[in-house]
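First the structure, in the form of structure tokens, and then the observations on it.
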Amino acid sequence: MEEINGIEEEIQNQTTVKALYKAMASGDTKLVSGILATDLEWWFHGPQNCHHMMRMLTGEAPHTEFNFEPRSVTTIDDHTVIVEGYEGANVYWVHVWVLKDGLITRFREYFNTWLTVKELRVRPVGWPLGWSGKENRSTVWRSQPRDLFRRSLPGLMLAI
């Protein structure tokens, strides 16, 4: 039963994130503010002039400043949703949203940056400190920008 609840939560979280992008595109600030936790934790990596999402979510810029059109939306566990988008050959972004109880509590934005998400497991009790076998980490998501694969961009790894 717990597995089914986890799958239902993944679907609900993905639906919530998709609703956020639709609300932003239409300028529905009331819905946007209802989806975000009041103490949203925020992190950004990219050119300093590309803080479009922050400016839009805080009301500093109109919803028309930048068109965040998701190209893929992937749920990687029961609380994390990754959204990827690109516009031509010059703009590529990845958003990592963490949800709790239906609200977005954490946001990571990567602008013009390749991203690899790895799950790191805690070293089992009693195992040697140097334990670093492949069985303790696995890639759960990787950037897939179709129009930009030949472009050189900085790369980061997000450990979850």
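The values are calculated or read from the model by the stated rules, or taken from the named source; none is laboratory data. If you're wondering where the values come from, they're calculated on a predicted model, not measured in any experiment. No Cβ is skipped: glycine too gets one built from the backbone with ideal geometry, and neighbour counts run over all protein chains shown. When the accessible area is computed, the model is the full protein with side chains, heavy atoms only, and any ligands, DNA or RNA have been set aside. Shrake-Rupley method; radii C 1.70, N 1.55, O 1.52, S 1.80 Å.
Tabulated data for the structure shown
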read-out: Enumeration of residues in region 76-117 that are of a type in the set (Phe, Trp, Tyr) and either open to solvent by less than 40 Å² (accessible area, probe 1.4 Å) or in contact with a His (Cβ under 8 Å, 6 or more places away or on another chain) (or both); value: Tyr86, Tyr92, Trp93, Trp97, Phe107, Tyr110, Phe111
read-out: Hits in region 79-110 (condition: within 20 Å of Trp141 (Cα to Cα) and at pLDDT below 90); value: Tyr86, Val91, Tyr92
read-out: Filter result (of a type in the set (Gly, Ala, Ser) and at pLDDT 95 or above) within region 27-51; value: Gly34, Ala37
read-out: Region 14-44, residues that are in contact with a Phe, Trp or Tyr (Cβ under 8 Å, 6 or more places away or on another chain) and farther than 10 Å from Ile104 by Cα; value: Tyr21, Met24, Ala25, Trp42, Trp43, Phe44
read-out: Of residues in region 121-146 being part of a strand (DSSP E or B) and open to solvent by 80 Å² or more (accessible area, probe 1.4 Å), the one modelled with the highest pLDDT; value: Arg142
